Amino acid sequence: MNRPIARLLFAVALSTIAACSADNIPNTDVPDNSENREALEFVERYRHAVERRRVGEILALVSPRFFDDNGTIQNDDDRDYEILREQLARFEQLLDVRYEMRYRRVTYRADRVLIDYTYTASFKVATPSGDRWETRLRDNRIELVREEGEFRIISGI
């Protein structure tokens with residue numbers, strides 16, 4: 001292929017990629033529209049509460065009907081609102097938290113909003129041998145419902 005045509009094809013491909021990404025909410029893979037922005041802004045409130053280790057703020061964002069089976073058929077890892085509250089009480093033991101979320105997709109169902117994301121969570125914990133950081137990187141899905149006109153987390157944390 002001659003050089004001018006190759007350059008032209010490269011420029012067209014690059015402009016196509018740039019045009020597609022311009023239609024997404026910045027730093028996400030999610031199309032930019034008011035519904036998606038509202039859902040992601042809500043989840044960002046959750047993310048910030050996690051980083052601040054504010055258990056009360058997190059629980060205020062969670063539905064009392066919360067249930068998460070952790071994607072397994074076993075019952076021993078299922079969590080409801082009460083179990084979640086008990087688990088979050090351990091946040092006070094953490095010395096520091098960094099929690100990043102890369103939003104991949106928002107899907108609307110009749111009664112739920114499904115948000116697929118990749119997270120990186122780093123937790124600083126005190127141990128007998130000194131402070132140390134633990135890190136997790138995973139894909140996950142958070143599910144939102146509307147209760148009294150407000151989003152609440154029903155599953156996925």
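Brief remarks follow.
- Residue under evaluation Ile58, criteria (1) assigned to a strand (DSSP E or B); (2) over 22 Å from Asp29 (Cβ atoms); (3) in contact (Cβ under 8 Å) with a residue 12 or more places away in the chain, criterion not met: (1)
- A residue that is exposed (fewer than 12 other Cβ atoms within 10 Å of the Cβ), out of contact with any strand residue (DSSP E or B) (no Cβ under 9 Å at 6 or more places or on another chain), in the same structural domain as Ser122 (by TED's automatic domain parsing) and modelled with pLDDT of 95 or more occurs somewhere in region 54-66.
- In the set Leu144, Leu84, only one residue is out of contact with any His (no Cβ under 7 Å at 6 or more places or on another chain), on the phi < 0 side of the Ramachandran plot, not in a strand (DSSP E or B) and not charged (D, E, K, R); that residue is Leu84.
- Taking residues in region 120-148 that are farther than 18 Å from Tyr46 by Cα, and partners anywhere that are in a strand (DSSP E or B) and β-branched (Val, Ile, Thr), not one pair has Cβ atoms closer than 6 Å while being at least 6 places apart or on different chains.
- Taken across region 36-46, residues that are modelled with pLDDT under 95, within 17 Å of the chain's Cα centre (by Cα) and among the charged types (D, E, K, R) do not occur at all.
- For the residues Glu92, Glu100, the requirement of being of a type in the set (Asp, Glu) and in a helix (DSSP H, G or I) singles out Glu92.
- Enumeration of residues in region 87-123 that are polar (S, T, N, Q) and out of contact with any Lys or Arg (no Cβ under 6 Å at 6 or more places or on another chain): Gln87, Gln93, Thr107, Thr120
- Asp116 being over 16 Å from Tyr46 (Cβ atoms) and either in contact with a Phe, Trp or Tyr (Cβ under 7 Å, 6 or more places away or on another chain) or touching a residue at least 24 places away in the same chain (Cβ under 8 Å) (or both): no
The values are calculated or read from the model by the stated rules, or taken from the named source; none is laboratory data. Worth saying up front: this structure is predicted, and the values here are computed from it rather than measured. Quick reminder, even Gly has a Cβ in these numbers, built from the backbone with ideal geometry, and neighbours come from all protein chains shown.
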